[in-house]
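> Here's a structure for you.
No value in this document is a laboratory result; all are computed from the given coordinates. Only a predicted model underlies this, so the values are computations on that prediction, with no experimental measurement involved. Cβ: placed from backbone, ideal geometry, glycine included. Neighbour counts: every protein chain shown.
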2 protein chains.
Amino acid sequence: MSKEKQTRNAEATKAVILEAAEKLFAEKGFAGTSVREISEKAGVSGPLIMFHFKSKEGVYEAVKAAIMERYAGSKRPVLDVGIPASEFLREFVEAMFAFYRDNPSMLRLSKWDNLAGEQDPWPGEDEWHHMYEEYFLQAQARGEIRADLTPMNIFSFITGSAHVWWEYHDHFLRHDENQGRGGEADARFLNELTGFVLRGLSPGPGDLE
Amino acid sequence: MSKEKQTRNAEATKAVILEAAEKLFAEKGFAGTSVREISEKAGVSGPLIMFHFKSKEGVYEAVKAAIMERYAGSKRPVLDVGIPASEFLREFVEAMFAFYRDNPSMLRLSKWDNLAGEQDPWPGEDEWHHMYEEYFLQAQARGEIRADLTPMNIFSFITGSAHVWWEYHDHFLRHDENQGRGGEADARFLNELTGFVLRGLSPGPGDLE
DNA sequence: GTCTATATCCAGATAGAC
DNA sequence: GTCTATCTGGATATAGAC
C-alpha cells in the first residue's frame with residue numbers, strides 16, 4: 001500500500017449511502033426522494049451512487065434488502081408454543097406492540113410499498129403469520145381459547161390494533177385528554193389491549209348482552 | 001348567446017379534472033402523479049388544469065376539499081346513543097367495517113397524506129371520535145361494558161382491526177386457505193370481529209386464565 | 001375557457017478525468 | 001472509487017393565439 005487513498009472503501013461508502021437512503025425513502029417514499037438528496041445527505045456524489053447501485057431503483061431494493069437482513073433473525077419474536085394461551089397472548093400482544101414501536105422506518109417503507117402496489121410480503125413474513133396462527137389453532141384444540149374465530153382473524157385483530165396505534169400515534173395522543181407523558185398512554189394502551197384480547201378470546205360464555 | 005361554444009363550462013371542466021385527479025392521486029400519491037397524466041385521463045390539456053387550479057398542488061388541495069365536502073354530512077354513521085351497548089357495538093363495528101370498505105380512494109388519499117406528514121385530521125374527524133367515545137363512557141357508567149378500558153382505546157381497537165383488514169385485504173385473502181369467494185372471508189371477518197368485541201368488552205368476569 | 005407551443009427546471013443517468 | 005461535467009428526458013408552468 002504505497003499510496004494511501006482518500007476514502008476508497010466501497011463497503012463503507014455503500015453503507016453510508018444506504019443509511020441516508022433508508023431515512024429518506026422512509027420519510028418521503030420512492031417517488032418523493034431524489035438521488036440528489038441522497039447524495040447530499042450521504043455526503044457523496046450522485047454518480048457514485050449510480051456506480052454502486054446501478055440505478056435509483058437499485059438503491060431502493062438494496063435498502064429493503066438491508067432492512068430485511070437486519071431483521072431476519074430477530075424480526076418477530078419466536079414464542080414457545082408449549083406455554084399456556086394466556087401467557088402466549090400476553091407476550092404476543094406485547095411483542096407486536098413493541099415491534100411496531102421499534103421499527104418505524106421499516107414500517108413506513110412497507111406502507112409506501114403497500115400504497116405503491118407492492119403486494120409481495122416481505123421475506124419471512126408468511127412464516128411468522130403461519131407460526132402464530134398455528135399456535136392459535138392448537139390453543140383452540142386444547143380449549144384454551146374460543147374456537148369460533150379463525151386464527152388469521154385473531155392475528156389481524158391483535159396486530160391491527162397495535163399497528164393502528166402507532167400509525168396514528170400523534171393523532172391519538174393529541175386527543176388523549178388525560179395524557180401525562182407520552183409513555184404513559186402507550187403503556188396504558190398496551191395494558192388495555194392485553195386485557196381486551198384476553199377477555200375477547202376467552203372460551204367461556206360471557207358475551208355482552 | 002349568439003355563438004354556442006365547444007365545451008366552455010368551467011364547473012363541468014373542473015369536475016372532470018378533479019375526478020381524474022382523485023383517482024390518480026389515490027392510486028399513485030402526489031409525488032407519483034404528473035399533471036400530464038391527469039390531463040390525459042381527464043381529456044383536457046395540461047395548461048387548462050393550471051388555469052383552473054393554479055398549480056399541481058392546487059389540484060391536490062381541491063381534490064381533498066372535494067372529498068371532504070362529499071363526506072361532510074354522511075361521512076360516518078350517526079348512531080343512536082340511547083340504544084343498548086350490544087346493539088350499538090354491532091352497528092358500530094359494522095359501520096366502521098363498511099366505511100373502510102366503501103371509501104377506498106378517500107382512505108388511500110389520507111394514507112398518502114399521513115405518510116407525507118400531513119397530520120391534521122380531516123375536518124369533522126374529531127367530532128366523530130368524540131361522539132363514539134362519549135357513548136362508550138356512558139355505557140361504562142351504566143355498567144353495560146367494562147369500565148377499565150379508556151374509550152379512546154376501545155375506539156382504536158375496533159377501528160384498527162377494520163382498518164388493517166382492508167389495508168391488507170389482498171394479503172389476507174391470499175393466505176386464507178379456505179377462502180371461498182372474496183365476500184365470504186369479508187363476512188366472516190366482520191362476524192368474528194363483532195363477536196370478539198362483544199366478548200372483549202363484556203363487563204363480567206371471564207378473562208382467559 | 002381552451003388550446004398549442006414553448007420556456008425552464010430538475011430528475012436520473014453517462015462519460016471520462018483522476 | 002470517486003469526482004466534475006454533461007446529456008437527455010420529463011416535469012411544472014407560462015405565453016399567447018383562438
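> Whole-Hz ³J(HN,Hα) for each residue in segment A:10-21, computed from phi via Karplus 6.51 cos²θ - 1.76 cosθ + 1.60 with θ = phi - 60°, x for glycine and proline: what do you get?
Ordered by residue, 3J(HN,Hα) equals 4, 5, 5, 4, 4, 4, 4, 4, 5, 5, 5, 5 Hz.
> Kindly give the distances from A:Asn114 to its copy-mates, label point to label point, with each label point 7 Å from Cα along Cα→Cβ, as nm values to one decimal ordered shortest first.
Sorted ascending, the copy-to-copy spacings read 0.8 nm.
> To continue, here is another question. Only four residue types carry charge here, +1 at the Cβ of Lys and Arg and -1 at the Cβ of Asp and Glu. Report the dipole size of the protein assembly as shown about the Cα centre in Debye, rounded to the nearest 20.
Magnitude of the dipole: close to 1940 debye.
> Quick one: dipole size for segment B:85-200, taken about the Cα centre, charges +1 on Lys/Arg Cβ and -1 on Asp/Glu Cβ, in debye to the nearest 20.
Roughly 360 debye, rounded to the nearest 20.
> Using the Cα gyration tensor of segment A:77-182, with a ≥ b ≥ c the square roots of its eigenvalues, what is the shape: rounded (a/c below 1.5), prolate (a/b larger than b/c) or oblate (neither)?
oblate
> While we're here: Identify, among B:Leu193, B:Pro151, B:Gly32, the residue whose Cα sits farthest towards the positive end of the charge dipole of chain B, taking +1 on the Cβ of Lys and Arg and -1 on the Cβ of Asp and Glu, with the dipole about the Cα centre.
B:Gly32
> Under a point spin-label approximation (7 Å from Cα along Cα-to-Cβ), what is the A:Val16-B:Arg70 distance to one decimal in nm?
4.8
> For A:Lys41, list the aspartates and glutamates whose Cα falls under 16 Å from its own Cα; do not include residues on the same chain fewer than 8 positions away.
Leaving aside aspartates and glutamates fewer than 8 places away in the same chain, those within reach of A:Lys41 are A:Glu19, A:Glu22, A:Glu27.
> Projected area of segment A:129-202, taken from the Cα convex hull and averaged over every viewing direction, in nm²?
Seen from a random direction, the Cα hull of segment A:129-202 projects 5.4 nm² on average.
> Got the A:Ala98 label distances to the other copies yet, label 7 Å along Cα→Cβ, in nm, shortest first?
4.1
> Calculate the dipole size of segment B:10-70 relative to its Cα centre from +1 charges on Lys and Arg beta carbons and -1 charges on Asp and Glu beta carbons; express the result in debye to the nearest 20.
Roughly 80 debye for segment B:10-70.
> Any number yet on Rg/Rh for chain A, C-alpha, Kirkwood?
Answer for chain A: 1.09.
> Between rounded, prolate and oblate, where does the protein assembly as shown land on the alpha carbon gyration tensor, with a ≥ b ≥ c its root eigenvalues, rounded for a/c under 1.5, else prolate if a/b exceeds b/c?
oblate
> Expressed as a rounded percentage, what relative contact order does chain B have, with Cα pairs under 8 Å and six or more residues apart?
20
> Starting from the Cα gyration tensor of segment A:46-138, take the square roots of the eigenvalues, sort them a ≥ b ≥ c, and report rounded, prolate or oblate (rounded when a/c is under 1.5, otherwise prolate if a/b is larger than b/c, else oblate).
prolate
> Among B:Leu79, B:Trp122, B:Ser161, whose Cα sits farthest toward the positive end of the charge dipole of chain B (+1 at Cβ of Lys/Arg, -1 at Cβ of Asp/Glu, about the Cα centre)?
My answer, from the dipole projection, is B:Trp122.
> Hey, another quick one. Can you list the distances in nanometres, one decimal and ascending, from the A:Arg174 label point to the identical position in each other copy, with the point 7 Å along Cα to Cβ?
Values, ascending and in nm: 3.3.
> At 222 nm, what helix-only mean residue ellipticity would chain A give, in deg cm²/dmol to the nearest 500, using -39500 (n - 2.57) for each DSSP H run of four or more?
Only helices count here, giving -21500 deg cm²/dmol.
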